[in-house]
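*Asks:* One structure, pasted below without further comment.
No value in this document is a laboratory result; all are computed from the given coordinates. Everything quoted here is computed from the prediction, not taken from an experiment. Methodologically, a virtual Cβ is constructed for each residue, glycine included, from the backbone with ideal geometry; neighbour enumeration extends over all protein chains shown.
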Amino acid sequence: MLFTRHAETVANATGKYNRTTLNQISERGKAQIARLTKSLMGWKFDRIVVSPSERALRTIAPYLRATRQKAEIWPELYECCDGNSRKIKGPTSKTLRPGAKFVVPADLRDLFVVQPGSDRLFNVPSYEDGLMQVRAAAAKVKTDNSARLLVVGHSLHGGRMIEVLLGSAPKGKLKPENATPILLKTAGRAYARVK
């Protein structure tokens with residue numbers, strides 16, 4: 001499995017997070033996408049899965065266009081478990097509950113597939129609910145039968161998902177850099193990070 005975080009956004013670059021900057025790719029991010037696209041050309045993927053966030057979709061879109069492939073959107077890969085959600089206390093849900101519906105931007109719709117019933121984000125009101133979503137994403141990766149899987153996601157969620165795949169608790173110590181692939185090798189259902 002190859003995991004990559006989305007390219008740098010204006011929010012990442014400036015520290016100013018709002019609806020506009022959150023998904024707007026920075027100039028540095030555009031260069032990262034070009035490098036990532038070029039580096040992925042040497043790979044052959046059986047399946048490509050991506051977070052429904054626009055920044056993740058836009059990061060992988062040039063590669064999909066260049067290789068005439070489609071990627072599947074997995075709501076389980078959507079960003080969660082940030083520092084703010086750690087402060088939210090309250091009862092933890094027993095199961096993930098569907099939340100808001102997401103919409104793929106019109107200029108990207110031909111590149112992505114959304115499975116029926118998978119067009120909603122999850123309602124993760126607490127940090128523990130977010131970790132439940134991380135574990136659900138890891139479980140989905142583990143049960144995927146693709147020999148060569150590319151996963152496009154986020155730093156906080158992705159790092160915690162990789163920690164779970166490696167068999168450790170999701171503590172947030174692993175923080176993937178923008179548009180920098182991390183290779184995990186599998187032996188059966190066990191994962192190991194390749195340096």
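*Asks:* Quick query: amide H of residue 113 versus all other amide H atoms, modeled in the peptide plane; which residues come in under 5 Å with a sequence gap of 5 or more or a different chain?
*Replies:* For residue 113, whose amide H was placed from the backbone, the distant partners under 5 Å are 71, 72, 73.
*Asks:* Please build a GNM for the chain, connecting alpha carbons under 10 Å apart, and tell me which residue among 19, 160, 28 fluctuates the most.
*Replies:* Residue with maximal mean-square fluctuation among 19, 160, 28: 19.
*Asks:* Once phi is turned into ³J(HN,Hα) by the Karplus curve 6.51 cos²θ - 1.76 cosθ + 1.60 with θ = phi - 60°, what whole-Hz value does each residue of segment 36-52 show in order, with x for glycine and proline?
*Replies:* Here the 3J(HN,Hα) series is 4, 4, 4, 5, 6, 4, x, 9, 10, 9, 7, 7, 10, 10, 8, 5, x Hz.
*Asks:* Would you mind counting up the charge near residue 7? Only other residues with Cβ under 9 Å from its Cβ, with Lys and Arg at +1 and Asp and Glu at -1.
*Replies:* For residues surrounding residue 7, the net value is +4.
*Asks:* Does segment 1-41 come out rounded, prolate or oblate by the C-alpha gyration tensor, with a ≥ b ≥ c the root eigenvalues, rounded set by a/c under 1.5 and, if not, prolate when a/b is larger than b/c and oblate if not?
*Replies:* In terms of gyration-tensor shape, prolate.
*Asks:* Could you work out the helix-only [θ] at 222 nm for the chain, with each DSSP H run of four or more residues adding -39,500 (n - 2.57) and the total divided by the number of residues, to the nearest 500 deg cm²/dmol?
*Replies:* -10500 deg cm²/dmol
*Asks:* Something else: Check residue 123: other-chain or 5+ apart residues with amide H under 5 Å from its amide H, H built from backbone geometry?
*Replies:* 97, 99
*Asks:* Continuing with the same structure: Would you mind telling me which residue in 53, 168, 118 has the biggest mean-square fluctuation in a Gaussian network model of the chain, where springs connect alpha carbons within a distance under 10 angstrom?
*Replies:* Judging by the Gaussian network model, the answer is 168.
*Asks:* When a/c is below 1.5 the answer is rounded, else prolate if a/b is larger than b/c, else oblate, so apply that to segment 19-59 with a ≥ b ≥ c taken from the square roots of the Cα gyration tensor eigenvalues.
*Replies:* Cα axes put segment 19-59 in the oblate bin.
*Asks:* Checking the a/c ratio against 1.5 first, then a/b against b/c, what shape does the Cα gyration tensor give for segment 2-79?
*Replies:* Values: a/c = 2.43, a/b = 1.47, b/c = 1.66.
It comes out oblate by the Cα gyration axes.
*Asks:* Roughly what would the spin-label model give for residue 21 and residue 146, points 7 Å off Cα along C-beta, in nm?
*Replies:* Going by the 7 Å Cα→Cβ label model, 3.3 nm.
*Asks:* Pairs of lysines 8 or more apart, or on different chains, with alpha carbons under 28 Å: count those in segment 54-176, would you?
*Replies:* 28
*Asks:* Using 7 Å Cα-to-Cβ label points, what is the residue 94/residue 120 separation (nm, one decimal)?
*Replies:* Placing both labels 7 Å beyond Cα along the Cβ direction yields 1.8 nm.
*Asks:* Give the order of 76, 27 when sorted by the count of other beta carbons within 10 angstrom, beginning with the fewest. Provide the component values of the computation, followed by the final result.
*Replies:* Values: 76 25, 27 10.
Ordered from fewest to most neighbouring Cβ atoms within 10 Å, 76, 27 come out as 27, 76.
*Asks:* Within 10 Å of each residue's Cβ, count the other Cβ atoms and sort 4, 37, 95, 180 from fewest upward. Intermediate values should be presented prior to the final figure.
*Replies:* On the way: 4 27, 37 19, 95 8, 180 14.
Going from sparsest to densest Cβ surroundings: 95, 180, 37, 4.
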